[in-house]
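Rule-based calculations on the coordinates, nothing more; no lab input. The structure presented is a predicted model; accordingly, all values stated were derived computationally and were not measured. So basically every Cβ, Gly included, is an ideal-geometry build from the backbone, and we count neighbours across all protein chains shown.
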Amino acid sequence: MKLAEKYGDKPVEELPMLFQRILQNTIRDHYRRQAVRNAWTSLFSSFQPGNQEEEFDPLDVLTDDENQSAPDAPQPSYQQKQMIALIEDALRDLPTRQREAFLLRYWEGLDTSEAAIAMGCSEGSVKTHCSRANHALAIALRAKGVELP
């Protein structure tokens, strides 16, 4: 439907590639939504007491004993933002497939098989792309003065 609605005026030769990209993006979006939904469902279900028939609101029982909702101190927060900016810059320099594999596996939290489905390749390819991305990122970050453990 998306192909027909948005790209009906495109030449026939371009349609297979457009369809492939739409399909990949749709699958990727599905897995992202599913991961977020599962995280929230499991998080909130762990707060619900067993065998309770009345409506339950998890926000009624949440506590913040260690004051985790307080904002970070300025210095650590600033350093974290700088580190994220360095990583994002290094990610932009990666080849497309390596960046895609890295983001799906480590930032989106997909396992190897889910990432392979989203990327339209084999699990071995995902592992190879992730490994190469890790090595390239480590080199790029070291070059910028970031010490990795």
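Things to note:
- Rounded FRET efficiency, nearest 0.05, which uses the C-beta distance separating HIS135 from PHE19 and R0 of 30 Å: 0.35
- Per-peptide packing, taken as the mean over residues of other Cβ atoms within 10 Å, places 81-88, 22-29 in the sequence 22-29, 81-88 from highest down.
- Modelled FRET efficiency - R0 35 Å, VAL12 with GLU123, Cβ distances, 0.05 increments: 0.55
- Annotation: lysines with alpha-carbon distance below 18 angstrom to LYS81 (same-chain offsets under eight excluded): LYS144.
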